[in-house]
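One structure below.
The values are calculated or read from the model by the stated rules, or taken from the named source; none is laboratory data. Bear in mind that the values here come from a model prediction, so they are computed numbers and not experimental data. When we count neighbours, we look across all protein chains shown, and the Cβ atoms used for this are built from the backbone with ideal geometry, even at glycine. Please note that ligands, DNA and RNA were not included when accessible areas were found on the heavy atoms of the full protein model with its side chains. Shrake-Rupley method; radii C 1.70, N 1.55, O 1.52, S 1.80 Å.
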Amino acid sequence: MEKYKDIMKSLLEDYRIELESVLRHGDISSYCYKEAVDKRYGIYDANYTNRLRLSLTILYSPEIEKSKLESIIRKLYLEELKDRETNSFQGIGTVLEVLSILLKDYSRIEDLKLFERAKNANFDCACGFEAGFPKYRRNLCDLDLLDCIYMADDLYEEEILSNLIDEWIYQQSEWDLENLKDLRRLEKLRKNAKGEIIALENIADEIKNSSDHWEICSSLHNYSKKLIELKKYKKAWEVIKELRPHLYEVYEDWYNVNLGRYILEDCMDLIISKSPEIPINEIWSWSKPFIIKAKKNMHWNLYEKAALASEELGNLKLSKKLIKILDKEKKESCIID
């Protein structure tokens, strides 16, 4: 068995102690829905990860007699429905998908109502949930390394996640655009900013000879955005200057599509930074005409940042106009809600 499978097998064996305790005592209180509130993200379930851990352990414990698990699976399912129906983030979630696979094994007619309730739990479920869809391989030996990486991330097993990503990197015999993009996602997953910026830099180098202008703009935008996050403003502006000619090849009115607006937001971030190492007036001179053209079709963050940048550079009239449009959009949004 490959090293990464041994790691996951060992992890699940640790989790199995919890499952055995539940089977002995019948106490699932640590896995029941427990409402909590995050200031930024709203309502969530504080016990979600506990329930995910138990659900995956059941999935990968085929040696346990099914009849012993049915009652627990159904109880967990009811608790998961509470989360899907109240969670501010909505989503389908791994727990619902795993428990649906497990519950469907019993072929109970009465469970059809539970699957219907799950389908109607929120917008995301209505669009994408399908009870029992075989999304997850049921044999641990069939999981590939990326499966295990994403599972470790879902379970907040940070040390294991990092070790598995190191193993994935070790397995790459050569680098191309595809696995460099994977590397960037994985480094972002384990919050390794240094590794992510190196991956983005290599992607930028790899994509320079591409004829796909959209791909070039998207990749260079990801790079510039990360550079700004790391306060590497001078390099970020160099990257934006490099992608600008490709913008005009994407769409004539590129400033009216999301990617174009995000690039304008990068420019506003640079201006707001007030960094002495970048030509703020030059950045404003290039971006201001497109801000004006897009002023009735921007996202809220861009309105706020463009208004602040305008104010910083003495264009109070434009700043007030952008704030006025933003206030109107917010009021209209409240009316719709």
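In plain terms, the bigger the Kirkwood radius, the slower the diffusion; for the range 136-190, with that radius from Cα pairs, at 4 °C and 1.567 mPa s, Stokes-Einstein puts D at 110 µm²/s. The reciprocal of the average 1/r between distinct C-alpha atoms defines the Kirkwood hydrodynamic radius, which for the chain equals 23.4 Å.
Translational diffusion coefficient of the range 1-68 at 37 °C, 0.692 mPa s, Stokes-Einstein with Kirkwood Rh over Cα pairs, in µm²/s as a whole number. If you can, show how the numbers build up before the last one.
Working: Rh = 13.7 Å.
The calculation lands on 240 µm²/s.
Over the range 83-208, the ratio between the Cα radius of gyration and 2.2 N^0.38 Å evaluates to 1.33. Under Stokes-Einstein, with the Kirkwood radius over Cα pairs as Rh, the value for the range 213-307 at 20 °C and 1.002 mPa s is 164 µm²/s.
Report, in debye and to the nearest 20, how large the dipole of the range 77-155 comes out about its Cα centre when Lys and Arg carry +1 and Asp and Glu carry -1 on their Cβ. Kindly include the intermediate steps, with their values, before the conclusion.
Working: 10 positive and 16 negative charges, 57 e Å.
Around 280 debye, computed over the range 77-155.
Based on the convex hull around the alpha carbon atoms, the range 189-263 presents an average projected area of 5.0 nm². Summarise the accessible area of the chain (1.4 Å probe, protein heavy atoms) by the percent that is carbon and sulfur. Whole-percent figure for carbon plus sulfur exposure: 49.
Compute the accessible area per residue over the range 30-185, keeping the other protein chains in place, probe 1.4 Å, unit Å². Each step should come with its number before you reach the end.
Numbers: 8590 Å² over 156 residues.
In whole numbers, the range 30-185 has 55 Å² accessible per residue.
Computed from backbone phi, the HN-Hα couplings of the range 247-255 come to 4, 5, 7, 7, 9, 4, 9, 3, 5 Hz, rounded to whole numbers (Karplus: 6.51 cos²θ - 1.76 cosθ + 1.60, θ = phi - 60°; Gly and Pro given as x). Computed over the Cα atoms of the range 47-142, what is the ratio Rg over Rh, Rh following Kirkwood? Radius of gyration relative to Kirkwood radius: 0.94.
So what is the 222 nm mean residue ellipticity for the chain from helices alone, if each DSSP H run of at least 4 adds -39500 (n - 2.57) and you divide by all residues, rounding to the nearest 500 deg cm²/dmol?
Working: 16 runs with 233 residues, N = 337.
Calculated from helices alone, the mean residue ellipticity at 222 nm is -22500 deg cm²/dmol.
In this structure, the amide hydrogen of residue 43, modeled 1.01 Å from its nitrogen in the peptide plane, lies closer than 5 angstrom to those of 38, 88, counting only residues at least 5 positions away or on a different chain. Our summary of shape: the Cα atoms of the range 251-334 have principal axis extents of 41, 30, 17 Å, ordered from largest down, in whole angstrom.
Hey, got the dipole for the chain? About the Cα centre, +1 on K and R Cβ, -1 on D and E Cβ, debye to the nearest 20?
On the way: 54 positive and 63 negative charges, 320 e Å.
I would put it at about 1540 debye.
Put the Cα centre of the range 267-337 next to the Cα centre of the range 179-216 and the gap is 28 Å. Dividing the radius of gyration of the alpha carbons in the range 180-223 by their Kirkwood radius gives 0.99 for Rg/Rh.
Kindly report the accessible area of the range 266-312 per residue (heavy atoms of protein chains, probe 1.4 Å, no ligands, DNA or RNA), in Å². Write down the numbers at each step before the final one.
Values: 2190 Å² over 47 residues.
On a per-residue basis, the range 266-312 sits at 47 Å².
Summing +1 for each Lys or Arg and -1 for each Asp or Glu among the other residues whose beta-carbon sits under 13 angstrom from that of residue 124 gives -2.
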